[in-house]
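Written below as structure tokens is the structure these notes are about.
The values are calculated or read from the model by the stated rules, or taken from the named source; none is laboratory data. What you see is a predicted model, and the numbers here were worked out from it, not measured in a lab. As a convention, Cβ positions derive from the backbone with ideal geometry for all residues, glycine included, and neighbour counts pool all protein chains shown.
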Ligand SMILES: C[S@@+](CC[C@H](N)C(=O)[O-])C[C@H]1O[C@@H](n2cnc3c(N)ncnc32)[C@H](O)[C@@H]1O
């Protein structure tokens with residue numbers, strides 16, 4: 001077994017282990033999206049034919065995973081990555097009939113109210129979902145009883161005195177783990193509190209991934225070994241951290257029966273105006 005396959009082989013993520021390592025590494029855009037989606041689907045339950053929005057899907061690895069593992073119909077939506085290559089990837093993976101790739105900004109979703117059985121997002125929701133009322137908007141696209149679930153990089157506990165030195169200081173590669181934008185990393189409790197304000201969901205549950213830092217570090221080591229990283233490695237800082245502060249947070253909730261006009265909806269002109 002090579003160093004790379006040893007690091008990728010995790011008993012916690014048996015489904016992920018079936019996917020080709022080269023394919024994963026060519027298309028990755030951050031921490032191993034297969035592991036994180038596998039962890040999310042432990043609690044977001046999908047049946048064959050379920051309509052799923054994979055929001056911020058990047059290169060659609062997770063969308064292909066959902067189609068292959070659960071037979072879900074996936075709308076693979078991303079803003080930076082266009083649909084052409086994602087469509088090619090879906091075709092090559094043999095799940096073209098289950099995946100609809102679209103370039104889509106998270107605040108302008110072109111879907112019918114109540115359309116989805118589930119909405120999932122890996123390592124993307126932190127970019128737009130810390131907005132107080134974003135979940136009100138997103139939940140409107142879920143049917144009653146449908147689930148929303150996200151996994152984001154986050155904190156295992158709040159900083160006591162500002163950013164800890166081992167995260168703020170440059171690593172040997174000259175790059176510090178903590179960038180200004182990392183302030184969107186929040187604790188599980190923060191996400192619980194944040195989502196509890198939303199009138200349109202219930203059964204909110206959040207937790208940190210056990211050994212999240214270790215999984216993140218191992219994947220960084222894989223990227224270093226394969227020279228496939230698109231960002232400077234943060235393995236050294238994660239090793240120093242040992243999960244004292246850094247990890248992954250999963251947040252899930254269920255759409256309840258509350259209806260109401262969503263005044264935040266940026267497509268409101270279309271929803272209530274000329275298109276009605
Ligand atoms: C770090 S990448 C993760 C991609 C993929 N989920 C993965 O884990 O491989 C973050 C993704 O979030 C998407 N994203 C960020 N802001 C977005 C927005 N406002 N609307 C839609 N997608 C967004 C980006 O396009 C990008 O592909």
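Summary of computed values
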quantity	calculated
Long-range neighbours under 6 Å by Cβ, at least six apart or interchain, first residue closer than 16 Å to residue 26 by Cα within the range 85-97, second buried (at least 17 other Cβ atoms within 10 Å of the Cβ)	86/60; 86/76; 86/101; 87/101; 89/60; 90/99; 93/64
Condition broken by residue 77, with the remaining ones in (1) touching a residue at least 60 places away in the same chain (Cβ under 8 Å); (2) closer than 19 Å to residue 111 by Cα; (3) surrounded by 23 or more Cβ atoms within 10 Å (Cβ to Cβ) satisfied	(1)
Identity of the residue in the range 220-276, part of a loop (DSSP other than H, G, I, E, B) and in contact with a strand residue (DSSP E or B) (Cβ under 6 Å, 6 or more places away or on another chain), that ends up modelled with the lowest pLDDT	257
